[in-house]
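Presented below is the structure to which this report refers.
Just so you know, all these numbers are worked out from the coordinates, no wet-lab data involved. Keep in mind that this is a model prediction, so the values were computed, not measured. For neighbour counting, all protein chains shown are included, and Cβ atoms are generated from backbone atoms with ideal geometry for every residue, glycine included.
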């Protein structure tokens, strides 16, 4: 009977250690999940305001919005209308053959899932880059998102390419360049392109 207190103490210590291990395990899972969300390219860093005239909707969900329709980014040389898409919450591109073509790291990249489509319920215009100021772009151009790594504001541009088609891409405010996914490459230009604006 004298050993009973020691047995109870041992059981109590074991119980405390078990609870601590469970707590640490739960915390580790929570941290791992949070880090995964931070690095998942499908996480959109630039949510659309509820009252915006230009909105981004997932290609995988219901794209119908009362009064809204897809924004035309350009026309392919084969006559196909190309709408504007976005990947990773800030990189705009063009929809062709039901896939989003976007430029990154010097390449034209293509993705058929997990991208967004730009919709609008108002008129819009493509303004010549040479005829607008950087201040006008920052204040009024259609915003695509902010690069979470460089904090670079990204807008939407397009340019007439060598195939006589008009192709849309991303305008980097920081670099003052228009990047177009074309011919399996990332082409960039400092002039001769247009920026997307709401019609005034």
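Values for this structure:
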read-out: Label-to-label distance, nm, for residues given as residue 98 and residue 149 (7 Å Cα→Cβ offset); value: 3.1
read-out: Cα-projected label distance for residue 105 with residue 123, points at 7 Å along beta-carbon direction, nm; value: 4.3
read-out: Convex hull of the stretch 101-153 built on C-alpha atoms - directionally averaged projected area, nm²; value: 5.6
read-out: Stretch gain in nm, segment residue 112-residue 163, where the contour uses 0.36 nm per residue and the Cα spacing is subtracted; value: 16.0 nm
read-out: Pair residue 53, residue 191: separation of 7 Å Cα→Cβ label points (nm); value: 3.1
read-out: Residue order, fewest to most surrounding Cβ atoms within 10 angstrom, among 121, 78; value: 78, 121
read-out: Shape category assigned to the stretch 141-200 from the gyration tensor of Cα positions, a/c cut at 1.5; value: oblate
read-out: Cα gyration tensor shape of the stretch 54-198, rounded if a/c is under 1.5, else prolate or oblate by comparing a/b with b/c; value: rounded
